[in-house]
1. For the list (1) free of Cβ contacts under 8 Å to residues at least 40 places away in the same chain; (2) under 22 Å from the mean Cα position of the chain (by Cα), I need the number of the one condition that residue 85 fails.
2. Does residue 212 fit the bill of being assigned to a loop (DSSP other than H, G, I, E, B), in the same structural domain as residue 130 (by TED's automatic domain parsing), buried (at least 24 other Cβ atoms within 10 Å of the Cβ) and over 18 Å from the mean Cα position of the chain (by Cα)?
3. Among the residues in region 217-228, are any touching a strand residue (DSSP E or B) at 6+ places or on another chain (Cβ under 7 Å), modelled with pLDDT under 95 and in a loop (DSSP other than H, G, I, E, B)?
4. Can we say residue 144 is over 21 Å from residue 205 (Cα atoms), free of Cβ contacts under 8 Å to residues at least 24 places away in the same chain and in a helix (DSSP H, G or I)?
5. So, in region 263-310, how many residues would count as being surrounded by fewer than 19 Cβ atoms within 10 Å (Cβ to Cβ) and either farther than 15 Å from residue 344 by Cβ or in contact with a strand residue (DSSP E or B) (Cβ under 8 Å, 6 or more places away or on another chain) (or both)?
6. Quick one: which of 433, 445 is in a helix (DSSP H, G or I) and farther than 17 Å from residue 15 by Cβ?
7. Filter region 147-169 for residues that are over 25 Å from residue 264 (Cα atoms) and in a helix (DSSP H, G or I) and give the result.
8. Test residue 397 against the criterion of being part of a loop (DSSP other than H, G, I, E, B), modelled with pLDDT of 95 or more and outside the structural domain of residue 99 (by TED's automatic domain parsing), and give yes or no.
């Protein structure tokens with residue numbers, strides 16, 4: 001993508017999320033190449049930047065930093081809507097894994113494109129993909145769409161108790177997994193002007209040995225990147241882990257030397273106080289996925305201790321999980337749903353809109369190890385910026401732009417998205433791809449997907465389709 005200088009002027013409210021949390025009325029932002037070079041009032045910046053290559057009128061717009069989705073499975077798009085109201089093991093074994101295995105690399109690429117396009121159109125400029133399913137072309141999809149991504153090749157070496165006890169077979173599997181993850185890193189890390197970031201992803205806590213945890217941690221440390229794992233999503237996850245290893249996941253991660261500031265754990269609904277203290281003391285980052293947890297009945301609001309973790313200084317970010325489970329990728333809806341912790345604790349003071357926006361921006365930047373690059377609109381940071389159209393009923397009256405953003409509107413009000421200094425969404429439409437062509441290809445892939453996994457279309461959902 002060619003770089004141009006961009007000047008956004010007359011922004012009704014510029015929500016910077018900077019160190020002082022400035023909200024600038026009639027604000028402006030100047031961009032050169034991929035970075036922000038000036039932030040301030042329009043009348044102050046116009047004289048220096050009014051004649052730049054591209055001038056965007058921000059009248060009737062609210063500008064925010066790009067939103068960050070810290071957990072998604074990019075290739076799962078075409079599985080959306082195939083099954084609801086199933087336990088996680090059933091949903092995975094009977095729907096998702098068979099569907100993913102049935103996809104060709106080209107079909108998985110189309111599915112990934114759709115996930116990333118929808119994300120961008122909702123104002124998400126950075127996604128984190130743990131690398132489940134057919135992810136070989138996910139870096140291609142991210143580069144072509146124009147989004148920023150963290151992705152790794154998910155690895156696991158302990159599918160059964162038998163494998164855990166088979167030292168020879170386990171060692172061979174561990175070595176194979178570590179090599180595959182390393183090769184994926186070497187092949188893709190740093191692509192697209194650094195927009196493609198490769199991490200090491202020890203799949204689910206209950207599917208990785210101590211040795212594979214150590215391998216992933218050591219390689220992540222060596223390359224200066226992160227590692228991500230699903231941890232304690234549901235009671236079945238916890239019980240399965242304890243059955244295999246005899247102690248809670250975070251305590252085993254500590255024993256294996258995997259805890260540290262570059263570890264991002266996902267879901268984390270069933271954690272003990274002792275585990276939370278280990279997370280806090282090792283500066284582990286946590287991704288809360290309320291929409292996926294609600295769909296799966298994981299107990300995220302009744303059992304999750306995210307409010308308590310944040311009160312203790314733990315970095316908690318937000319994720320949608322895949323759109324086959326969450327069913328949507330709109331991070332404003334995810335943030336709104338996270339507010340349900342107020343109801344469980346009967347405390348309306350918890351999780352104000354400003355804190356939820358921080359979770360979508362600054363906390364996401366910390367969780368992705370990019371706090372010095374993204375997460376706020378400040379001079380010197382990457383130009384990842386979203387403009388929301390406030391000339392809509394769901395934005396009015398506009399007493400508080402942050403309150404309206406989190407509590408009133410949705411991602412459908414996104415007008416313009418800039419990633420790395422490139423305009424990738426304009427007037428609500430993706431600029432880097434042909435949306436109609438991708439939608440058509442998604443329909444083609446989805447058409448016979450139920451049949452591939454033994455589902456009749458008439459049996460999808462509770463009400464028959466004639």
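1. Result: residue 85 passes all but (2).
2. Working: assigned to a loop (DSSP other than H, G, I, E, B): no; in the same structural domain as residue 130 (by TED's automatic domain parsing): yes; buried (at least 24 other Cβ atoms within 10 Å of the Cβ): yes; over 18 Å from the mean Cα position of the chain (by Cα): yes.
So residue 212 does not fit the description; no.
3. The answer is no; no qualifying residue exists.
4. So residue 144 does not fit the description; no.
5. Residues in region 263-310 being surrounded by fewer than 19 Cβ atoms within 10 Å (Cβ to Cβ) and either farther than 15 Å from residue 344 by Cβ or in contact with a strand residue (DSSP E or B) (Cβ under 8 Å, 6 or more places away or on another chain) (or both): 9 in total.
6. Working: 433 fails: in a helix (DSSP H, G or I).
Of 433, 445, the one residue that is in a helix (DSSP H, G or I) and farther than 17 Å from residue 15 by Cβ is 445.
7. In the first step, residues of region 147-169 are kept if they are over 25 Å from residue 264 (Cα atoms); the result is 161-163, 165-169.
If the condition is that a residue be over 25 Å from residue 264 (Cα atoms) and in a helix (DSSP H, G or I), then 161, 162, 163, 165, 167, 168, 169 are the ones that fit.
8. Yes, satisfied.
The values are calculated or read from the model by the stated rules, or taken from the named source; none is laboratory data. Fair warning: this is a prediction, and the values are worked out from it, not measured in the lab. Cβ: placed from backbone, ideal geometry, glycine included. Neighbour counts: every protein chain shown.
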